């Protein structure tokens, strides 16, 4: 099971900062999850919440630089009505795709783009069909897994508290990987691994790696199914 540092190693560093991403790398996390949204002036910024000043947040390109060249990166696009700053035209999708492509084909295996907005993930499928995508949700039904697989998505990202062995098997049967959010308890982390979960988003990647007996053992690619 992959260990993905939630907004970086956010239990010990300020989330969505260079320090958080670098600390995750130092801890040996397989990857990081980072929020990206369209800020003022159509600038891509790394922030969970809407901001009024684009200069007050880390630029998306700077965040990717801070992630180095080893770790996987789950890019969560913030573009839902409830998030604030919603853009129905999904301009953010084009900009995110352009920035990831700019990193070159040798880095393409590192990216996975997700969003709570299914429309935004579908926009990414249209703009960059080669880019792996996933839908974030609180709870997934079997019909969700089948629909997402048919649309070309590679993974589903449910809340960890909703995940069962049955729901994981249903997603796998549809050809989807299951990456859950956000779990910090060692016992539950081990339990999720036993259920066959493919990746876990956590604020404490060091704790997760220890719980899995994986300290110092690196996994360089997404466990994407199909």
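Nothing in this text is a laboratory measurement; each read-out follows from the coordinates by a stated rule. Computed from a predicted model, the values in this text were never measured in an experiment. Virtual Cβ from ideal backbone geometry, glycine too; neighbours counted across all protein chains shown.
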For region 132-154, name all the residues that are closer than 13 Å to residue 173 by Cα and either surrounded by 16 or more Cβ atoms within 10 Å (Cβ to Cβ) or touching a residue at least 12 places away in the same chain (Cβ under 8 Å) (or both).
142, 144, 145, 146, 148, 149, 154
Checklist (1) touching a helix residue (DSSP H, G or I) at 6+ places or on another chain (Cβ under 7 Å); (2) buried (at least 21 other Cβ atoms within 10 Å of the Cβ); (3) without any contact (Cβ under 8 Å) to a residue 40 or more places away in the chain applied to residue 97, failing item
(2)
Considering every residue within region 203-223, establish whether at least one is on the phi > 0 side of the Ramachandran plot, free of Cβ contacts under 8 Å to residues at least 40 places away in the same chain and either surrounded by fewer than 24 Cβ atoms within 10 Å (Cβ to Cβ) or in contact with a strand residue (DSSP E or B) (Cβ under 6 Å, 6 or more places away or on another chain) (or both).
yes
Of the residues in region 180-202 that are in a loop (DSSP other than H, G, I, E, B) and within 13 Å of the chain's Cα centre (by Cα), the one that is surrounded by the fewest Cβ atoms within 10 Å (Cβ to Cβ) is 182
Residues that are touching a residue at least 40 places away in the same chain (Cβ under 8 Å) and more than 19 Å from residue 107 (Cα to Cα), drawn from region 20-34
27
Out of all the residues in region 39-57, which are in contact with a helix residue (DSSP H, G or I) (Cβ under 7 Å, 6 or more places away or on another chain) and under 29 Å from residue 220 (Cα atoms)?
44, 45, 46
Restricting attention to region 41-49, does a residue exist that is part of a strand (DSSP E or B) and under 15 Å from the mean Cα position of the chain (by Cα)?
yes
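Report, by residue number, each residue of region 60-105 that is assigned to a strand (DSSP E or B) and within 18 Å of residue 37 (Cβ to Cβ). It would help to see each step written out before you state the result.
Quick first cut of region 60-105, residues assigned to a strand (DSSP E or B) only: 72-77.
Selection gives 73, 74, 75, 76, 77.
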